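Engineer: What follows is a structure written as structure tokens; I'll ask about it next.
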Amino acid sequence: MTRPSVPKPAGVAQPQVVTLRIDGRDVSARSDETILSVARQNRIDIPTLCYLDGLSGWGACRLCLVDIKGTPKLLPACVTLVREGMEVTTDSPRLQKYRRMVLELLFSERNHVCSVCVSNGKCELQAMAQRLGMTHVSLPYRYPRLEFDSSNDLFRMDHNRCILCTRCVRVCDEIEGAHTWDCRGRGIETRIISDLNEPWGESSTCTRCGKCVNVCPTGALSQKGTAVAEMTKRVTFLPYLTLMRNSDEP
Amino acid sequence: MTPEELQKVAIIEQESQEQYDHRIHVCMAAGCLSNRADLVKQQLEKQIAANGLERRCTVKGVGCMGLCAAGPLVSIQPKGIMYQEVKPTDAPDIIQTLDKAPIERLRCDTAMPFFKEQKKVVLENCGLIDPERVEEYIAVGGYQGLLKALTEMQPAEVIEEVTRSGLRGRGGAGFPTGLKWSTVAKAQHPDGRKFVICNADEGDPGAFMDRSVLESDPHRILEGMAIAAYAVGATQGYLYVRAEYPLAVKRLKQAIRQAERLALLGNNIFGTPFSFNVDIRLGAGAFVCGEETALIASIEGKRGQPRPRPPFPAESGLWGCPTLINNVETFANIPPILRNGGEWFAQIGTEKSKGTKVFALAGRVKNTGLIEVPMGIPLRRIIFDIGGGIPDGRKFKAVQTGGPSGGCLPERFLDMPVDYESLMQAGSIMGSGGMIVMDDTSCMVDVARYFMEFCMSESCGKCVPCRVGTAQMHDLLVKIIEKRATDSDVRLLNELCDMVQSTSLCGLGQTAPNPVLSTLRYFPEEYEALVQAGREREAAGSNGSAMHVAPQLKPNSTQPQAHVDSEVTP
Amino acid sequence: MNRNAKDKPAATKARVATIWLDGCSGCHMSFLDMDERLLALAEQIELVYSPLVDQKEFPPQVDVAIVEGAVATDEDIEKMRLVRSRTKVLIALGDCAVTGNVPSMRNSIPVEDVFDRAYRDNAQLQPQRPATNLPVLLERVRPVHEVVKVDVHIPGCPPPADAIFYIISELLAGRTPDVAAVTRFGK
């Protein structure tokens, strides 16, 4: 079991076994599992971007929104716990439309020039666009002028490619325990910053472990010395690390 | 403090008030204060001293009297005379005429509908008591509700009373308060901690209801919070106030100190086992921190960002503990409900929306200010009777309720009763109580753009639809206003509204499209006119050739796009 | 996509044009990479306008126009309006046409600075900005669909020859190709 992705509701003592229906299939699950985790165990794949196995749930990219019968709002599968008798729909024309629009918004927000990106071909955002059949962005591109932090001798941060999934923030805080990364600003002006908005290379907290680089879904965080399409990310270590950490806990 | 002592404080205060023939009340709330009511008060005091009237007259600063448009306001009790737009130089005249006929040139007609049509529950003490003295609050029945709850009722009975009153959350969504309280009361946490939070992060542009209550009657909030804490089993409360309300913060701090000194807060209140402490937390100016989960994150010292619900704060809130979070006005309704009973409260208002509602009436009406009206009153009576209608002989066009999450309602809704359901059905919301009236000079597309700009800059940036969607919608609205938009842009705007509404993480994003949707629904001709103007401009610019122009073609397309990002005033 | 070769008398070939805007010509190269399949395609199409053929003016009544490159100048806009008005099916081929891609990387920089960089700062001889007889650069480079309606978007930098062949064949056969299955941004 990975780190609990949602604050545990008070008063829930022992997880119980519940049965629910996902896309018309009856499945059983533990009451402390998320819809996403149960769906994936049953080979129903819900698209995600900010979610990463081994990190706490964030619920921000809105790709994993699902329809739950009797609930007026769409809920993020990555942080919503299963309940007895739940009826979940993970795919519908409406959800597909919203998911494609989420991607369009992300592509239009910053400067994602795939052809010259270190992660070209290995990028989760790119792959998601292909998977969800998004062949162009109908929204106007915003073309913001953004910075590039090369001050670290091993890694670099390119804000042009950042989608603010905060995987780097969470892995640094939850797994490495350094909390070098965080966000500053609001809304469309939000930026990932190291320490108190200081150059990454001058960070006194960064351990240079590279976990943030490996969990970054796009080319925002990359290793120096990589050229176009050369940056390969390694995320498989995460569940293992989480398991190690959690096994120490009572 | 014992119940007897509370009674004694009240009597002493009442007697000391009654020894004066004239009690002069000067409004010291933010509106009048900014018109230098403090100087007026100073001069009145000087004049009293100069005329040797100290034994017969007293001057005191009080909270908001409502008619902010005519400030500074001065009222003379017990005669009940009210003066408006008082200047420091008017002080001698006021003092000279105390025993004579009132000064006509300063007279404010208290018989006019602005005062007559109101029903004051939340604001009952505003403008009557000195907010800086706990004795005055006690003298008008303050802390009696808490006394009753602690000494005569079980927590469950308190909740029952609140449930019976039919009170619904005044923060905007209108969730039944009794139900919320009982959820928190039932919730358990391993270490037994629970919290009560008062949401005083009032952030809607043009809204100042909570501010006035906090500045005019701070003890009422403390009493309401203490009653709530007793009912749900909490011992610690937090008042989350925005730092932009320095006067409210000052008075709250003062009120907490006074209440602690009189043991109305602290351990073993009224000699019962119940203990309750309140601390103030200051918001740093983020609108989104009015959203409950963001507010909780902010109190915890984290970045003020909402998190997905469920779990709701009632189950897992501050530091993972069950947390009751209510708005200022909700808490302000609690003491009178306890004093007078839930049934008394339930008589006011409509079947589904009980009690009264405070509105900050602003915009193009004659009488702008703070009003409290029974639920169910038609909009027309608020705007034309209480508000005095539209000034300068202009025509009413729309009323915007609910702030950036609300909508614009046209003239045909003027006879609609103001309650949660009716407003929702019409495409707006009750919200926290902002009410902005617009006349026929307002461009509704620009109104939508204004609110979208607000949401865009106040979005926390966490979820994609709100962060990028509001920016895109804002850019599209600017494009429409600048007459560069086409039909496909309007279509795109509609699609974005639906998407942002359905997929955003918290209430900010989910309601951000409301001003656009309601103006698109009720004033489509204004959008159409701007798009049509763009079409004509394009036709004039394309040298008259019969060349086919594709529908997505942007008129004036050689124009730089950069100015989309900058602020534009049409 | 019902307006295609099949709906017409068998003798009529689909009239196809290709246009090259602000791009590197890589998409045209990828088009040529169809190699011998071009011969098969030639049975069905007639290339009426292209950088590859000697035809100065964009002809009327084109069935399929394939655009490579982004819209970067006022001339590009005029050209695309003309193309759109004379074309049934407009295809944006490659990332420059679909997203703006590399040409659009100048978009966050003021156009004056771009000129200075190209013609003044780095010039060895006679640093000056060319002023006459040249198309005016737009403040921002834009994907084709922001200027005229595009019917099919084929992302890729460049899109593989296989993908181009598949998509054109499908269109000529009157079917709707599954573009996303064979293409991807950047690749």
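Engineer: For segment B:356-439, restrict the atom set to alpha-carbon positions and state the Rg and Dmax in Å.
Structural biologist: Gyration radius and largest Cα-Cα distance of segment B:356-439: 11.2, 33 Å.
Engineer: Comparing A:G24, A:G54, A:G187, which has the greatest mean-square fluctuation in the GNM of chain A with Cα pairs linked when under 10 Å apart?
Structural biologist: With Cα springs under 10 Å in chain A, the top fluctuation among A:G24, A:G54, A:G187 is at A:G187.
Engineer: For A:C183, which sequence-distant residues (separation of 5 or more, or a different chain) have an amide H within less than 5 Å of its own amide H, given hydrogens modelled in the peptide plane?
Structural biologist: The list, which skips near neighbours in sequence, is A:I193.
Engineer: Compute the relative contact order of chain B as a whole-number percentage, counting only Cα pairs closer than 8 Å that sit 6 or more residues apart in sequence. Kindly include the intermediate steps, with their values, before the conclusion.
Structural biologist: Details: 1166 pairs, mean separation 75.2, N = 570.
About 13 percent, as a whole number.
Engineer: Now for a different question. For chain C, modelled as a Gaussian network with Cα springs under 10 Å, which listed residue fluctuates most, C:L90, C:L125, C:L137?
Structural biologist: Evaluated over chain C, the most mobile residue of the options is C:L125.
Engineer: Of the listed pairs B:K180/B:K302; B:K148/B:K253; B:K41/B:K357; B:K100/B:K354, which have alpha-carbon separations greater than 32 Å here? Working shown, then result.
Structural biologist: Numbers: B:K180/B:K302 25 Å; B:K148/B:K253 25 Å; B:K41/B:K357 30 Å; B:K100/B:K354 43 Å.
Table pairs above 32 Å Cα-Cα are B:K100/B:K354.
Engineer: Which far-off residues, 5 or more places away or on another chain, put their amide H under 5 Å from the one on B:F175, with H placed in the peptide plane?
Structural biologist: Residues meeting the criterion, in which the H sits 1.01 Å from N, are B:G169.
Engineer: Mind checking how much accessible area C and A bury in total, 1.4 Å probe, in Å² rounded to 100?
Structural biologist: Values: alone 10490 and 13300 Å², together 21820 Å².
In total, chains C and A hide about 2000 Å² from solvent.
Engineer: Regarding segment C:107-186, what whole-number volume in Å³ per residue does the convex hull of its Cα atoms give?
Structural biologist: Details: hull volume 13.1 nm³, N = 80.
In segment C:107-186, the Cα hull volume divided by residue count equals 164 Å³.
Engineer: Take every Cα pair under 8 Å in chain A that's 6+ residues apart, average their separations, divide by the length, and report that relative contact order as a whole percent. The partial results should precede the final answer.
Structural biologist: On the way: 440 pairs, mean separation 48.2, N = 250.
Value for chain A: 19 percent.
Engineer: Expressed in nm to one decimal, what extension gain is obtained for the pair B:Q96 and B:T235 from 0.36 nm per residue of sequence separation less their Cα-Cα distance? Could you put the intermediate results ahead of the total?
Structural biologist: Working: separation 139, 0.36 × 139 = 50.04 nm, distance 5.21 nm.
Full-extension gain reported as 44.8 nm.
Engineer: Same structure, new question: What is the Cα coordinate range of segment C:63-160 on the first, second and third principal axes, sorted by size from largest, in whole angstrom?
Structural biologist: Each principal axis gives a Cα extent; for segment C:63-160 these are 46, 27, 20 Å.
Engineer: Rank these residues by their accessible area, most exposed first, probe 1.4 Å: B:I383, B:I11. Could you put the intermediate results ahead of the total?
Structural biologist: Details: B:I383 0, B:I11 75 Å².
Reading off the accessible areas and sorting them downward yields B:I11, B:I383.
Engineer: Lysine pairs in segment C:1-131 with alpha-carbon atoms under 25 Å apart, 8 or more places apart or on different chains: how many are there?
Structural biologist: Working: C:K6/C:K88; C:K8/C:K88; C:K13/C:K56; C:K13/C:K79; C:K13/C:K88; C:K56/C:K79; C:K56/C:K88; C:K79/C:K88.
Counting lysine pairs in segment C:1-131 gives 8.
Engineer: How much accessible area per residue does the protein assembly as shown have, in Å², with a 1.4 Å probe? Walk me through the numbers before you get to the answer.
Structural biologist: Details: 40130 Å² over 1007 residues.
Roughly 40 Å² per residue, with all protein chains present.
Engineer: Once you've got the GNM for chain C with C-alpha springs shorter than 10 Å, pick whichever of C:V144, C:V64, C:V102 has the biggest mean-square fluctuation.
Structural biologist: Judging by the Gaussian network model, the answer is C:V102.
Engineer: Then there's this: I'd like to verify something in chain C: which complete DSSP H helices, judged by Cα projection on the helix axis, reach 24 Å or more and average at least -0.5 on the Kyte-Doolittle scale? Walk me through the numbers before you get to the answer.
Structural biologist: Numbers: long enough: none.
Both cut-offs are met by no helix.
Engineer: Assigning unit charges at the beta carbon (Lys, Arg +1; Asp, Glu -1) and nothing else, what dipole magnitude in debye, to the nearest 20, does segment B:108-244 show about its Cα centre?
Structural biologist: Numbers: 15 positive and 20 negative charges, 118 e Å.
The dipole of segment B:108-244 has a size of about 560 debye.
Engineer: Further, regarding this structure: So what is the calculated 222 nm ellipticity per residue for chain C, using -39500 (n - 2.57) for each DSSP H run with n of 4 or more, over all residues, to the nearest 500 deg cm²/dmol?
Structural biologist: On the way: 7 runs with 53 residues, N = 187.
Result for chain C, helices only: -7500 deg cm²/dmol.
Engineer: Shifting gears a bit: How big is the antiparallel share of DSSP beta bridges in segment B:12-116, given as a percent to the nearest 5? Please list the in-between numbers first.
Structural biologist: Details: 8 of 14 bridges.
So the antiparallel bridges in segment B:12-116 amount to around 55 percent.
Engineer: Considering only the other residues whose Cβ falls under 11 Å of the Cβ of C:R120, what net charge follows from Lys and Arg at +1 and Asp and Glu at -1? Spell out each step's value before the answer.
Structural biologist: Values: positive: C:R117, C:R129; negative: C:E112, C:D113, C:D116, C:D121.
My count for the surroundings of C:R120 gives -2.
Engineer: Follow-up question, since we're still on this one. For the protein assembly as shown, I need the span (max minus min coordinate) of the C-alpha atoms along each principal axis, in Å, sorted largest to smallest.
Structural biologist: 109, 71, 58
Engineer: Share of Cα-Cα pairs in segment B:128-201 beyond 14 Å, in percent?
Structural biologist: On the way: 1966 of 2701 pairs.
Value for segment B:128-201 (Cα pairs over 14 Å): 73 percent.
Engineer: Now, a different point. Can you tell me the 0 to 90 degree angle between the C-alpha axis of helix A:237-248 and the longest principal axis of chain A, rounded to 10?
Structural biologist: Approximately 60 degrees, to the nearest ten.
Engineer: Which residue, chosen from B:G71, B:Q43, B:M82, occupies the Cα position most advanced towards the positive end of the dipole of segment B:12-116, where the dipole is computed from +1 (Lys, Arg) and -1 (Asp, Glu) charges on Cβ about the Cα centre?
Structural biologist: Most positive-ward Cα: B:G71.
Engineer: On the Cα set of segment B:29-95, report Rg and Dmax in Å, please.
Structural biologist: Expressed in Å, the Cα Rg and Dmax of segment B:29-95 come to 11.4, 33.
Engineer: Report ³J(HN,Hα) in whole Hz for each residue of segment A:210-220, in order, from the Karplus equation J = 6.51 cos²θ - 1.76 cosθ + 1.60 where θ = phi - 60°; Gly and Pro get x.
Structural biologist: The phi angles translate into x, 5, 4, 5, 6, 8, 4, x, 10, x, 5 Hz.
Engineer: Hey, another quick one. Accessible surface of B:E525 in the full protein assembly, 1.4 angstrom probe, to the nearest 10 Å²?
Structural biologist: So the heavy atoms of B:E525 present about 100 Å² to solvent.
Engineer: Cα-based Rg of segment A:113-237 per 2.2 N^0.38 Å, rounded to two decimals? Could the numbers behind the result be given before it?
Structural biologist: Numbers: Rg = 14.4 Å, N = 125, 2.2 N^0.38 = 13.8 Å.
For segment A:113-237, the normalised Cα radius of gyration comes out at 1.05.
Engineer: Could you give the size of the charge dipole of the protein assembly as shown about its Cα centre, using +1 on the Cβ of each K and R and -1 on the Cβ of each D and E, expressed in debye and rounded to the nearest 20?
Structural biologist: Numbers: 116 positive and 122 negative charges, 163 e Å.
That gives a dipole near 780 debye.
Engineer: Pop out the Kirkwood hydrodynamic radius of chain A from its pairwise C-alpha distances, inverse of mean 1/r, in Å to one decimal.
Structural biologist: Details: mean 1/r = 0.0518 Å⁻¹.
About 19.3 Å for chain A.
Engineer: I want the antiparallel fraction of DSSP beta bridges within chain B, as a percent rounded to 5.
Structural biologist: Working: 27 of 55 bridges.
Of those bridges, close to 50 percent are antiparallel.
Engineer: Okay, next question. What does the charge add up to near B:S502, with Lys and Arg as +1, Asp and Glu as -1, over the other residues with Cβ less than 13 Å from its Cβ?
Structural biologist: Values: positive: A:R62, A:K73, A:R94, A:K97, A:R99; negative: A:D67, B:E495, B:D498.
Taking every Cβ under 13 Å from that of B:S502, the sum is +2.
Engineer: Which value, in Å² and to the nearest 10, is the accessible area of B:C198 when all protein chains are kept and the probe is 1.4 Å?
Structural biologist: Around 0 Å² of this residue is reachable by solvent.
Engineer: Estimate for me the total accessible surface buried between chains A and B (protein heavy atoms, probe 1.4 Å, no ligands or nucleic acids), in Å² to the nearest 100.
Structural biologist: Working: alone 13300 and 22890 Å², together 32900 Å².
Interface between A and B: roughly 3300 Å².
Engineer: To the nearest hundred square angstrom, how large is the accessible surface buried between C and B, total for both chains, probe 1.4 angstrom? It would help to have the intermediate numbers written out before the result.
Structural biologist: On the way: alone 10490 and 22890 Å², together 32020 Å².
That pair hides around 1400 Å² of surface in total.
Engineer: For segment B:12-116, with only Lys/Arg (+1) and Asp/Glu (-1) charged at the beta-carbon, what is the dipole magnitude about the Cα centre, in debye rounded to 20?
Structural biologist: Numbers: 13 positive and 13 negative charges, 38 e Å.
Taking the Cα centre of segment B:12-116 as origin, the dipole is about 180 debye.
Engineer: Further, regarding this structure: Rounded to the nearest 10 degrees, what's the angle between the helix A:93-109 long axis and the longest principal axis of chain A, both from Cα atoms, 0 to 90?
Structural biologist: It is inclined by approximately 20 degrees.
Engineer: Could you please state how large a percent of the accessible area of segment A:101-169 is carbon and sulfur, counting protein chains only and using a 1.4 Å probe? Numbers along the way, then the final one.
Structural biologist: Numbers: 1040 of 2050 Å².
Here carbon and sulfur together make up 51 percent of the probe-accessible area.
Engineer: Using Cα-only point scatterers and the Debye equation, what is log10 of I(q)/I(0) for chain C at each q in 0.08, 0.10 Å⁻¹, rounded to two decimals?
Structural biologist: Taking Cα atoms of chain C as identical point scatterers yields -0.28, -0.43.
Engineer: May I pose another question? Given 0.36 nm per residue, what is the gain on full extension from B:A243 to B:W344 after removing their alpha carbon distance, in nm?
Structural biologist: Numbers: separation 101, 0.36 × 101 = 36.36 nm, distance 3.58 nm.
My answer for the length gained is 32.8 nm.
Engineer: Mark the label point 7 Å from the Cα of B:S488 along Cα→Cβ and return the residues of segment C:134-167 whose backbone N is within less than 16 Å of it.
Structural biologist: C:142-154, by backbone N distance to the label point.
Engineer: Could you give the alpha-carbon Rg of segment A:17-91 over 2.2 N^0.38 Å, rounded to two decimals?
Structural biologist: Numbers: Rg = 11.1 Å, N = 75, 2.2 N^0.38 = 11.3 Å.
Taking N as the residue count of segment A:17-91, the ratio is 0.98.
Engineer: Which percentage, to the nearest 5, of the DSSP beta bridges contained in the protein assembly as shown is antiparallel?
Structural biologist: Details: 51 of 99 bridges.
Percentage antiparallel, nearest 5: 50.
Engineer: Something else now. What's the percent breakdown of Cα-Cα distances in segment B:319-476 across 5 Å bins, shortest bin first?
Structural biologist: With 5 Å bins starting at 0, P(r) equals 2, 8, 15, 18, 17, 14, 12, 8, 4, 1, 0, 0.
Engineer: Another question, if that's okay. Given a Förster distance of 30 angstrom, what is the FRET efficiency for B:T110 paired with B:R36, based on the Cβ-Cβ distance and rounded to 0.05? Spell out each step's value before the answer.
Structural biologist: Numbers: r = 23 Å, r/R0 = 0.76.
After rounding, the FRET efficiency stands at 0.85.
Engineer: Please report how far the C-alpha centroid of segment B:450-488 lies from that of segment B:1-61, rounded to the nearest whole angstrom.
Structural biologist: 50
Engineer: Something else about it: If one puts a single equal scatterer on every Cα of chain B and applies the Debye formula without solvent, what log₁₀ I(q)/I(0) results at q = 0.11 Å⁻¹?
Structural biologist: Taken in order of the listed q values, log10 I(q)/I(0) reads -1.02.
The values are calculated or read from the model by the stated rules, or taken from the named source; none is laboratory data. Treat the numbers as computed from the prediction; the structure is a model and nothing was measured. Counting neighbours? That spans all protein chains shown, and the Cβs are built from the backbone with ideal geometry, glycine included. These area figures cover heavy atoms from the full protein model, side chains too; ligands, DNA and RNA do not enter into them. Shrake-Rupley method; radii C 1.70, N 1.55, O 1.52, S 1.80 Å.
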